[in-house]
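Below is one structure, written out as structure tokens, with a few remarks after it.
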Amino acid sequence: MNTDLKVAMIQTDLVWENPTENRRVLNDKLDAISTDIDLIILPEMFTSGFTMNPETVAETMDGKTIVWLKEKATAKQAAIMGSLVVKEGNHYYNRMVCVEPSGKITTYNKRHSFTLAGEHKVYTAGTEKVIFEYKGWKICPLVCYDLRFPVWARNTEDYDLLIYVANWPKVRIDAWDALLKARAIENMTYCIGVNRVGLDGNDYEYSGHSAAYDVLGKRLNHLSENTDTIEIVLLEKSTIKKYREKLNFLNDRDMFSLKG
């Protein structure tokens, strides 16, 4: 049984507050993937860019984007992940979704609201850490600003893959680079971060730097800065087992749970 995971990282520009056009552009990108893939990762708020106007782009969990994701997951026979603006009742969420070919959907609501941009004023923060299994891998999905908070990502569940999707601006990209690598090393896990490129509607610039790291912090990809492209990386499950058993660093971790 093959336990490796082949992952496509979609580093792309986004059309400001235009879900229809973003789905069209991303549809073409997904169709261009000719090799067999297990998992496809899109950026944060891939239908809109990082907007503080949720009422203009929000959808429900049976809206057009979720329907589209289901169709593409089935067509590509791959799970697809990314975050979008979802409305439930009177609440808006920056919600990461993972749609599998079987139709199963896993969701995670971004816990750490980016207060510098006022995200906490318009979006409801999540409260639950999510770990789900896919093709024998335990995966922890997180969103952008969550990256700055290592306690939330702490690997007390023995997960295998930590995934961040983001709209992380160029002006603070050095922090993105450093923290992604750190999360991989301290948790002895594969860590992938998928960021956007281009300018958003507020003229913030994004330079990408999407990256994949192994359990020792070795970078596995070679995406260039500012490049609108797709890169594929292969994650080997045996690497996790090898180094966790050899080094035993996670055996010495602090065990805890978060309240509230």
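Please treat every number below as a calculation from the coordinates, not as lab data. Just so it is clear, the model here is predicted, and its values are computed rather than measured. Using ideal geometry, Cβ is built from the backbone for each residue, glycine included, and neighbour counts are taken over all protein chains shown.
Quick notes
- Nitroxide proxy distance, nm - points 7 Å out along Cα→Cβ at ASN2 and ASN27: 2.9 nm
- Ordering of 51-59, 65-73 by burial proxy (mean other Cβ atoms within 10 Å per residue, highest first): 65-73, 51-59
- Estimated FRET transfer efficiency (LEU234, HIS91; beta-carbon r; R0 51 Å; 0.05): 0.85
- Nearest 10 degrees, 0 to 90: helix 237-247 Cα axis against the chain principal axis: 50 degrees
- Of LYS87/LYS181; LYS87/LYS237; LYS64/LYS218; LYS72/LYS135, pairs whose Cα-Cα distance is over 30 Å: LYS87/LYS181; LYS87/LYS237; LYS64/LYS218
- Extension gain, ASP174 to PHE249, is 24.4 nm, computed as 0.36 nm per intervening residue step minus the present C-alpha separation.
- Projected label points at ALA182 and LYS64, each 7 Å from Cα along the beta carbon direction, are separated by 4.1 nanometres.
- Inter-centroid distance (Cα atoms) of the range 9-72 relative to the range 178-230, Å: 18 Å
- Couplings for the range 218-225, taken from phi via the Karplus curve 6.51 cos²θ - 1.76 cosθ + 1.60 with θ = phi - 60°, read 7, 6, 9, 10, 9, 4, 7, 5 Hz in order; Gly and Pro are left as x.
- Fully extending the segment from GLU128 to THR227 would add 32.3 nm, taking 0.36 nm per residue of separation and subtracting the current Cα-Cα distance.
- Comparing ASN221, ASN167, ASN202 in a Gaussian network model of the chain where C-alpha atoms under 10 Å apart are linked, the largest mean-square fluctuation is found at ASN202.
- In order along the range 157-163, the Karplus-derived 3J(HN,Hα) couplings, from 6.51 cos²θ - 1.76 cosθ + 1.60 at θ = phi - 60°, round to 10, 6, 6, 9, 9, 10, 10 Hz, and Gly and Pro are given as x.
- Highest-MSF residue in the chain out of GLU17, GLU245, GLU100 [GNM, Cα springs under 10 Å]: GLU245
- Under Karplus coefficients 6.51, -1.76 and 1.60, residue-wise ³J(HN,Hα) of the range 25-41 in Hz, glycine/proline x: 4, 5, 4, 5, 5, 5, 5, 6, 6, 9, 8, 5, 10, 8, 9, 10, 10
- THR127, THR239, THR189 arranged by Cβ crowding within 10 Å, fewest neighbours leading: THR127, THR239, THR189
- Acute angle (nearest 10 degrees) that the helix 173-187 long axis makes with the longest principal axis of the chain, alpha-carbon atoms: 40 degrees
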